Amino acid sequence: MTRRDTGRQGRTRRGLANRPGRPAERAARTAGPRAGRNEELRRRVAGLEAELAGHTDRVERLQDELREARDERLILQEKLNGLHVRRAELYFTWAREEEARRRAAERARWEREQHADTLEQRLVAAEELLQSVLASRPREDRDE
């Protein structure tokens, strides 16, 4: 709508309002649609306010649920951190025990090797002793 159209409408309305005649009828005619429109708008506003209240309640409920979920997540995160600490403790305990077992196995192997070396030395010494005893006997005793 242009300014010219708006100006014409204003002049036309002023002209009608200035005419003598049935002002009450004209007022009722013009107020009727406005009153109905105002009532419709009031109903829409009331409906929208009710809808807003419902959405506000839902938002508050969802915020409460979100807070609860965050609290639960925090608790679970703390438990998880505790489990990580416990897992690390168990791992280091296992590693220490495994290292102790490895050292014990190495020590046992070394002791077995030492014992085998000692037995081999004794065996060599016994063979040498036997050979020397046999070598010191006269030849005749050896043949028997």
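The values are calculated or read from the model by the stated rules, or taken from the named source; none is laboratory data. Computed from a predicted structure; not experimentally measured. Just so you know, the surface numbers come from the protein's heavy atoms only, side chains and all, with ligands and any DNA or RNA stripped out. Shrake-Rupley method; radii C 1.70, N 1.55, O 1.52, S 1.80 Å.
Got a sec? What order do Arg42, Arg137 fall in by accessible area at 1.4 Å, biggest, i.e. largest, first?
Working: Arg42 145, Arg137 110 Å².
Listed by decreasing accessible area, they come as Arg42, Arg137.
At a 1.4 Å probe, what is the % contribution of carbon and sulfur to the accessible area of the stretch 69-144? Kindly include the intermediate steps, with their values, before the conclusion.
Values: 4020 of 7340 Å².
Reported share for carbon and sulfur atoms: 55 percent.
In what order, largest first, do Leu74, Leu41 sit by accessible area if the probe radius is 1.4 Å?
Values: Leu74 100, Leu41 65 Å².
The ordering from most to least exposed comes out as Leu74, Leu41.
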